[in-house]
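First comes the structure, then the notes that go with it.
The values are calculated or read from the model by the stated rules, or taken from the named source; none is laboratory data. What you see is a predicted model, and the numbers here were worked out from it, not measured in a lab. Please note: Cβ atoms are built from the backbone with ideal geometry, for glycine as well, and neighbour counts cover all protein chains shown. Protein only, heavy atoms only, side chains kept; ligands, DNA and RNA dropped before computing areas. Shrake-Rupley method; radii C 1.70, N 1.55, O 1.52, S 1.80 Å.
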Amino acid sequence: MRIHKGLIGFIAITQSVLFLTHYLLYETWTFSPTGSEPPGGFWIKVVLGFLSVSFVAASLLAFRYTNAALRAFYRVAAVWMGLVSFLFLAAVFSWVIFGVVRMVGLDMNFHWTVELLFGAAVVAGLYGVFNAGWTRITRTTVRLANLPAAWHGRRAALISDLHLGHVRNGSFLRRMVAKILKEEPDAIFIAGDLYDGTAIDARRAAQPLSELMAPHGVYFVAGNHEQFGDDSKYLRAIEAAGVRVLSNEKVEVDGLQIVGVPYRNATLGGHLASALNGVRLDRGRASILLTHAPDHPEIAEAAGVSLQLSGHTHLGQFLPWSWIARRIYRQFVYGLSRIGKMQVFTSSGAGTWGPPLRLGSNPEIVVLQFE
């Protein structure tokens, strides 16, 4: 298995950060003012040492292999990665509290504080696992200028970021398909990252899409996880299931212009502008742009797009990553927003990437009603 030098560097940095994080957890849990070694300290080191390399190891294996044992290992490692985020914050708060208490000259039971905060972190993480499996239906009304009369009152379903792979697979997709069909939408949009990019039988995983029907079509654009490498196996599997894959092209349905630009052609403003210029939008009629990430809404607005539909952000999934996502994407991180004459709806997605946890964001299927 050949790995690019840049990827090796990224893996090395990631693993170093994980080592340091787990070292902080160990020092926080075992800290004693007397400096004595706690009971079982050696075995705590061994367990944390294994856990610190588990996610990177599971991820590297997952990109090449798939079997029941590896999927189980990956899920455990992924859940632990989520818990580590909460435990890291708990450890930091423990030391902050300890420092403040010492500065004001008070005494405190440091380990009692650590136990309390670590316990809260574990509870929050377990709730995050539960919440990640509870898909909501989010309903919103979108008013578009120059909307064709035929589309007044019609509804469309938007779903993104299912991330089929070692955590979620075809059975998860079947549940999502059933939820969408229950809403009886007039059109269905899949805004990328149907797959996680790990080793998977792409055609078998996409088979439930063959049951996904809508009077005015089912449309898909590729996300970054489909385009880590050659995306042809994914796109062929999706097309074989009867879904229309849009790649820098426009289709017209009862006067509504539907445009799809895949992630690779939308990451740079110049590429997105070129792709939109190539489809020859009629600015006098309403249009929908389906593209995976809300990276350059100003480019789409300048091209005359009426409504952009995206996913990708996951709303950060959980703290502290949700803070980072909000700083990067600002008002476009989630929900319906506006830039100039164009509206943008960014979905938090239906699945998860990495840790299968959500706290502060909910997995969703969006139902849009056009007015």
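Structure summary
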read-out	value
Qualifying residue in the stretch 96-103 (condition: in contact (Cβ under 8 Å) with a residue 24 or more places away in the chain, in a helix (DSSP H, G or I) and open to solvent by less than 40 Å² (accessible area, probe 1.4 Å))	no
Options Thr198, Thr140: the member that is open to solvent by less than 40 Å² (accessible area, probe 1.4 Å) and assigned to a strand (DSSP E or B)	Thr140
Residue satisfying condition, being open to solvent by 40 Å² or more (accessible area, probe 1.4 Å), under 15 Å from Pro320 (Cα atoms) and free of Cβ contacts under 8 Å to residues at least 60 places away in the same chain, within set Phe88, Phe93	Phe93
Single condition Ala187 does not satisfy, out of (1) farther than 25 Å from Lys341 by Cβ; (2) touching a Pro at 6+ places or on another chain (Cβ under 8 Å)	(1)
Residue satisfying all of: in the stretch 267-314; assigned to a strand (DSSP E or B) and free of Cβ contacts under 8 Å to residues at least 40 places away in the same chain; surrounded by the most Cβ atoms within 10 Å (Cβ to Cβ) among these	Leu289
Those residues of the stretch 230-243 which are surrounded by fewer than 16 Cβ atoms within 10 Å (Cβ to Cβ) and either in contact (Cβ under 8 Å) with a residue 12 or more places away in the chain or outside any loop (DSSP other than H, G, I, E, B) (or both), in sequence order	Ser232, Lys233, Arg236, Glu239, Ala240, Gly242
Among residues of the stretch 49-98, those that are aromatic (Phe, Trp, Tyr) and under 21 Å from the mean Cα position of the chain (by Cα), counted	6
Where a residue in the stretch 209-226 is at positive phi and free of Cβ contacts under 8 Å to residues at least 60 places away in the same chain and its partner, wherever it lies, is surrounded by fewer than 24 Cβ atoms within 10 Å (Cβ to Cβ) and outside any helix (DSSP H, G or I), with Cβ under 7 Å and at least six apart	Gly217/Ala187; Gly217/Arg244; Gly217/Val253
Filter result (modelled with pLDDT of 95 or more, open to solvent by 10 Å² or more (accessible area, probe 1.4 Å) and either more than 22 Å from His166 (Cβ to Cβ) or of a type in the set (Lys, Arg) (or both)) within the stretch 348-366	Asn362
Contacts under 8 angstrom Cβ, first residue in the stretch 105-118 being over 14 Å from Thr30 (Cα atoms), partner of a type outside the set (D, E, K, R) and open to solvent by less than 40 Å² (accessible area, probe 1.4 Å), 6 or more apart	Asp107/Val101; Met108/Phe98; Met108/Val101; Leu117/Ala90; Leu117/Ala91; Leu117/Ser94
Every residue from the stretch 48-84 that is in contact with an Asp or Glu (Cβ under 9 Å, 6 or more places away or on another chain) and open to solvent by less than 20 Å² (accessible area, probe 1.4 Å)	Ala62
Top-ranked residue of the stretch 339-369 - restricted to ones that are without any contact (Cβ under 8 Å) to a residue 60 or more places away in the chain, out of contact with any strand residue (DSSP E or B) (no Cβ under 7 Å at 6 or more places or on another chain) and not polar (S, T, N, Q), ranked as farthest from Trp323 (Cα to Cα)	Gly340
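This table checks each residue for (1) under 28 Å from Glu184 (Cα atoms); (2) modelled with pLDDT of 95 or more; (3) out of contact with any Pro (no Cβ under 6 Å at 6 or more places or on another chain).
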{"site": "Ala206", "(1), (2), (3)": "yes, yes, yes"}
{"site": "Glu211", "(1), (2), (3)": "yes, yes, yes"}
{"site": "Gly229", "(1), (2), (3)": "no, no, yes"}
{"site": "Leu276", "(1), (2), (3)": "no, yes, yes"}
